[in-house]
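Just below is one structure, and these are the notes that go with it.
The values are calculated or read from the model by the stated rules, or taken from the named source; none is laboratory data. This one's a predicted model, so the numbers in the text were calculated from it and none came from an experiment. Backbone-built Cβ (ideal geometry, glycine too); neighbour counts: all protein chains shown. Note: areas computed on protein heavy atoms with side chains; ligands, DNA, RNA excluded. Shrake-Rupley method; radii C 1.70, N 1.55, O 1.52, S 1.80 Å.
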2 protein chains.
Amino acid sequence: MADKSPDKIQLLPFGGLGEIGMNMLGIEYAGKILLIDCGLMFPEAYMFGIDLVLPDVSALEDRRDDIVGLVLTHGHEDHIGAIPFLWEQLGEPVIYATCLTLGLLRNKLKEFELDHRVELVQIKPREKIDLPPFQVEPYRAAHSIVDGVGLAIRTPAGLIIHTGDFKIDQTPVDGENTDLARLAELGEEGVLLLLADSTNVENEGYTLSEKTVGKVLEEIIPQCPQRVIVATFSSNIHRIQQIADAAKLAGRKILINGRSMVSNVDIARQLGYLTIAEEQFITLRAMRDFPPEQVLIITTGSQGEPLSALMRIALGDHKQIELEAGDSVILSSKFIPGNEKAISDLINNLYRRGAEVFYEKTSEIHVSGHASREELKLVHNLVKPQYFVPVHGEYRHLVKHKQLAIEMGLAEKNTLVLENGQKLSVGTAGLKLEEPFETGRVFVDGKGVGDVGRMEIRDRRHLANHGVVILLLAINQSTGKIVHGPEIFTKGFVPEDNQSSEALLADAKQAVCDLLNEHSQEMLSDWEELRVEVRKVLRRCFNKQIARRPLILPLIMQL
Amino acid sequence: MADKSPDKIQLLPFGGLGEIGMNMLGIEYAGKILLIDCGLMFPEAYMFGIDLVLPDVSALEDRRDDIVGLVLTHGHEDHIGAIPFLWEQLGEPVIYATCLTLGLLRNKLKEFELDHRVELVQIKPREKIDLPPFQVEPYRAAHSIVDGVGLAIRTPAGLIIHTGDFKIDQTPVDGENTDLARLAELGEEGVLLLLADSTNVENEGYTLSEKTVGKVLEEIIPQCPQRVIVATFSSNIHRIQQIADAAKLAGRKILINGRSMVSNVDIARQLGYLTIAEEQFITLRAMRDFPPEQVLIITTGSQGEPLSALMRIALGDHKQIELEAGDSVILSSKFIPGNEKAISDLINNLYRRGAEVFYEKTSEIHVSGHASREELKLVHNLVKPQYFVPVHGEYRHLVKHKQLAIEMGLAEKNTLVLENGQKLSVGTAGLKLEEPFETGRVFVDGKGVGDVGRMEIRDRRHLANHGVVILLLAINQSTGKIVHGPEIFTKGFVPEDNQSSEALLADAKQAVCDLLNEHSQEMLSDWEELRVEVRKVLRRCFNKQIARRPLILPLIMQL
């Protein structure tokens, strides 16, 4: 049941509070819900076979009619990526976002054939939109994607500031600074609740300006003797602009490579967020007519993704782009946690082909898009909120951001670490944790959304470790006699056609035969018991002889 | 055939040239081989189910009698860990090492019941040992483990310097500086070949002294209100000494926790490398009698190992050690690449239990044991080698170290990047790559050493992604008729007892039935073709309907 008391708002965190990714928050007032962002997360190593991870929004199933709209802060996957999967489940809400964010979203919706169905409304910084009982005013936020905003959300219970992802870049590439003036005004007006980005709370000081990367690129690129390949995130339009500018200065044409890079450059140019002259671009075919020192390739694949163009180039498997000794590769990107080994392998392979490689560890060719501690402090000081809840971060980031708020003078009782699925009331009675709601992570695996769960992941982990062993046995239904087997098949357990494997499997088979001989006819008819016993015998045998724990699957047929 | 020419030496790199880990090098002169180190590597993420990785030394099978000895530079796993597995295969060589290295090795050999068989000879810095035609002179090298050495190796063809792992710590905890004086003398004498540690060649400047960590510990620990847990590498004896010293200063007793921590502290104390008074130690049982602010626990588990004591403490699963809100945990260790997510999860879980956590990212509580660029330059300047081959590093590190040598003035023809399995001649005729030899990585999986290879890993990866699907079919031998099946079993593919899974598997079964009906009796008798066709039909069905690629195993029985 919705709580309709007029003196408080409620927070419904669906994602991003306890992880970097799948950001999604509901704000409830008087029974109505405003949704902010609807992002996805990329799978962690233990999520075998999973393609994407979404927040579980089943708790909103009965509340569809109460949703007044979905407002997006910016166009990164962890803020918009879940929309095609969840939009229908959310009751098909109207979506509000800035121009570029809508451009990126539209492209995504097209892939899912949803573009003609979703109602998209463009919003602009400092222009208020009414979504009763909420009034939302976006304000400019500088970030590693253009056209980002934070949100000032007015409710009868008070004003809420949600920073979205942001940094305070004093010299942003497009001159669109985080709107500190408006934040200051809102702070003066009086803010009930601040929700702020915690991603970089571990970093002291200030995050460097995006423009510093441009300067480094302008130094490196002219020194490169041959072809230059720059890999970066396809959503980082400012970075792409700076790479293109540096290429132009160095007299190089640009080839855009990689599906998302091509489509994002296209969208950003159409919407006026990228200023690159048509004649600066070349095609793959035309590239061959230019000497290597006049070419620069902008590509995806900076995270060492196994199937990316860059990885194929590094392995010499790319059909059109061949790397030659003396070429240069610039990874203008972060080593995202979890991808370090893949990126490291990518760099090693590029060096093996004779390229020179510039990367985060050795050159200043990347800056973060998130605010460091001093920037966060500035926002806390300007906003002066009555209450503070850290958002966007793993648990430790949220704790550290809460600690920062307390260091800034906030009373300890006015801030807390909120996690996904915890409902929080904020109002005249202070902060109060309500009954938690059902949420979690929904796995996308191929075309299946939400079918793969703990059990399947557990089985996959088991299979990954030591493979599978199948014990086949056929029993005659009427005589109760074994008519086939026991026969053993394995995959990923021990090598086939190998003497010691054969000996091991012969021993295993013997152990099952012994079990069958020792036990009475009754056991043969109690399949479940037989399965359990066979599994036990095999497990013991393998553990003792080779100390491996394959998944054991006894298949017993009755003929 | 061994090359016995008197004017050159040959390098036989078995491991460590192309990876961080499994360091092992052979130096050959006049048909005799000196081995340096024999280390292991911990598995990378793609090596499913693998416990350890060893260098492949099968190329030495016929050369056992030519091996004059195995000399160890220090006691880290990546330098001594493969010995128990390979010592017999290497023809049971005599092993030469310093006191602590021998202590750690002896402990390891005991586990493998080899301690009474291996002949161990203790060596000391500046004391020459004759292993004709080689003469080996160890010299002190400061590193993140005590009692490390580099090696000066004399041959009639010239003098070789092998740095082992090292840093130039100007204020080492035990006062045992890297012996720059001896290196300088050797440099004056004239060095044919330098082999130097490349691990930290990406780092500008100097690596901080180990003593700086002690100071930080002395600042942090007295501020901790309750119990303190410090996790570090059990081989880092200096770190343990500094933690113990800081604990003593803060009036805290010490509990040593974790199997390798207990055994290494024991060995180091017995051999005089750790100075901690007996009364400073407490047992787990005694700990309960002390107030939390008088206790400090030194433990393993700093890499977020899932079964470590620290992880169990973080998850609240540890029987004896319970974490309370307000306790402090210090991770005095590096985030080893590949372990970042696990460590990050560990930290989040510690915060979830209310602990305050200090770690590399937020506090200066770890320094590296490897030389940064300025230190490497100093060594190159002192040694002034005729030739240089970088060792200990991934491919990019070796390239960057080669580049550094060239920047230092070495002629480009006098240095190269050597990889495992490449044989290199070094002598009056310069550097020359010889016929490569067979080498690679040997996987240890449970009790199996070397049986698991590419195929099994490939199957495990396949199983990990989307599980396994088994298609069971029994055919009557005489009639050629199907007597059972087709029946489908799955694990890790789709959930059991789920409507859409049932529909999918029913469709798959139907597709197989259609195949069987469409095709003639002949196909049923050609099992191999039948298997291929069944696999093809199922693969197509699953890909189309759910876009997953499980491992498909058709089991066809003839009854």
Computed over chain A: longest principal axis from alpha-carbon atoms vs helix A:259-270 long axis, angle to nearest 10 degrees, is 20
Gain upon complete extension [B:Ala45, B:Glu419; 0.36 nm per residue less C-alpha separation]:
132.4 nm
Scaled radius of gyration (Cα, divided by 2.2 N^0.38 Å) that region A:177-235 gives:
1.81
Share, in percent, of DSSP beta bridges within region A:451-559 that are antiparallel, nearest 5
45
Given the protein assembly as shown, what percent of its DSSP beta bridges are antiparallel, to the nearest 5?
50
Rounded to the nearest 10 degrees, the helix A:340-352 long axis (Cα) sits at an angle to the longest Cα principal axis of chain A of 90
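Please report the relative contact order for region B:210-358, taking Cα pairs under 8 Å with a sequence separation of at least 6, and give it as a percent rounded to a whole number. It would help to have the intermediate numbers written out before the result.
Details: 251 pairs, mean separation 43.1, N = 149.
Computed over region B:210-358, the figure is 29 percent.
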At q = 0.20, 0.23 Å⁻¹, what log₁₀ I(q)/I(0) does a Debye calculation on the Cα points of region A:147-200 give, no solvent, two decimals?
-0.76, -0.94
Using a 1.4 Å probe on the protein heavy atoms only, what accessible surface does B:Glu324 show? Give it in Å² to the nearest 10.
110
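Just need the relative contact order of chain B here, percent rounded to a whole number, with Cα pairs under 8 Å and 6+ apart. Spell out each step's value before the answer.
Numbers: 1204 pairs, mean separation 84.9, N = 559.
With pairs under 8 Å counted, the relative contact order is 15 percent.
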Using alpha carbon coordinates only, what is the Rg to Rh ratio of region B:1-149, with Rh defined as the Kirkwood radius?
0.96
Relative to the compact globular guide of 2.2 N^0.38 Å, what is the alpha carbon radius of gyration of the protein assembly as shown, as a ratio?
1.01
Using only protein heavy atoms and a 1.4 Å probe, report how much of B:Asp56 is accessible, in Å² to the nearest 10.
30
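Across peptide B:544-553, how many C-beta atoms of other chains are within 10 Å of each residue C-beta, on average?
Details: counts 1, 3, 5, 5, 7, 2, 3, 5, 0, 6.
Per residue, the number of nearby Cβ atoms from other chains is 4 on average.
Please sort A:148-157, A:359-368 by packing, taking for each peptide the average over its residues of neighbouring beta carbons within 10 angstrom, highest first.
On the way: A:148-157: 23.2, A:359-368: 18.3.
My ranking of the peptides, most packed first, is A:148-157, A:359-368.
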What translational diffusion coefficient, in µm²/s and rounded to a whole number, does the Stokes-Einstein relation yield for region B:210-358 at 37 °C and a viscosity of 0.692 mPa s, taking the hydrodynamic radius as the Kirkwood radius over Cα pairs?
216
Are there GluC sites (Glu not before Pro) in region A:94-177 that DSSP puts in a loop and that have at most 12 other Cβ atoms within 10 Å, and which ones?
A:Glu113, A:Glu119, A:Glu127
Once label points are set 7 Å from the Cα along Cα→Cβ at both B:Cys513 and B:Glu360, what is their separation, rounded to one decimal in nm?
5.8
Excluding residues fewer than 8 positions from A:Lys108 in its own chain, the lysines with Cα under 25 Å of it are A:Lys124, A:Lys334, A:Lys447, B:Lys544
Write down the Å³ per residue value for the convex hull defined by the alpha carbon atoms of region B:413-477.
200
With the dipole of region A:102-206 defined by +1 on each Lys or Arg Cβ and -1 on each Asp or Glu Cβ, the option from A:Ala196, A:Ile161, A:Gln135 whose Cα lies farthest towards the positive pole is A:Gln135
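How large is Rg over Rh for region A:117-237, taking Rg from the Cα atoms and Rh as the Kirkwood inverse mean of 1/r across Cα pairs? Mind dumping the intermediate values first?
Numbers: Rg = 18.1 Å, Rh = 16.8 Å.
Value, to two decimals: 1.08.
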Would you work out which of A:Asn476, A:Phe493, A:Met557 lies farthest towards the positive end of the dipole of region A:454-558, given +1 charges on the beta-carbon of Lys and Arg and -1 on that of Asp and Glu, about the Cα centre?
A:Phe493
Sort largest first and round to whole Å: the equivalent ellipsoid semi-axes of region A:454-558, each the square root of five times a Cα gyration tensor eigenvalue.
24, 16, 12
Which log10 I(q)/I(0) values does region A:300-420 give at q = 0.11, 0.15, 0.20, 0.24 Å⁻¹ under the Debye formula, counting every alpha carbon as one identical point scatterer?
-0.56, -0.74, -1.00, -1.30
For region B:129-171, Kirkwood radius (reciprocal of mean inverse C-alpha pair distance, Å)
11.1
Give the Rg/Rh ratio for region B:1-46, taking Rg as the radius of gyration of the Cα atoms and Rh as the Kirkwood radius, to two decimals.
1.14
29 Å tail of the calculated P(r), chain A, as % of Cα pairs
61
Identify all aspartates and glutamates with a Cα-Cα distance to A:Lys481 below 19 Å; exclude those on the same chain that are fewer than 8 residues away in sequence.
A:Asp514, A:Glu518, A:Glu522, A:Asp526, A:Glu528, A:Glu529, A:Glu533
Output for region A:271-350: trypsin sites (Lys or Arg not before Pro) sitting in coil per DSSP, at most 15 other Cβ within 10 Å, listed by number, reads A:Arg288, A:Lys319
What whole number of Å gives the distance from the Cα centroid of region B:332-369 to the Cα centroid of region B:220-278?
18
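Calculate the mean, over all residues of peptide A:493-505, of how many other protein chain Cβ atoms lie within 10 angstrom of the residue's Cβ. Each step should come with its number before you reach the end.
On the way: counts 6, 5, 8, 3, 0, 2, 0, 2, 2, 0, 0, 2, 0.
Mean inter-chain Cβ contacts per residue within 10 Å come to 2.
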If you take the beta carbon distance between A:Leu271 and A:Glu92 as r and set R0 to 25 Å, what does 1/(1 + (r/R0)^6) give as a FRET efficiency, to the nearest 0.05?
0.50
Bridge type composition, chain B - antiparallel percent by DSSP, nearest 5:
50
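Would you mind giving the mean number of other chain beta-carbons within 10 Å of the Cβ of each residue in B:394-401, as a whole number? Write out the running numbers ahead of the final one.
Details: counts 5, 8, 13, 2, 2, 9, 4, 0.
Per residue, the average neighbour count from other chains is 5.
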Translational diffusion coefficient (Stokes-Einstein; Kirkwood radius from C-alpha pairs) of region B:225-302 at 4 °C, 1.567 mPa s, in µm²/s:
105
Among the lysines, select those whose C-alpha is under 23 Å from the C-alpha of A:Lys377, and discard any that sit fewer than 8 residues away in the same chain.
A:Lys167, A:Lys211, A:Lys400, A:Lys402, A:Lys413, B:Lys361
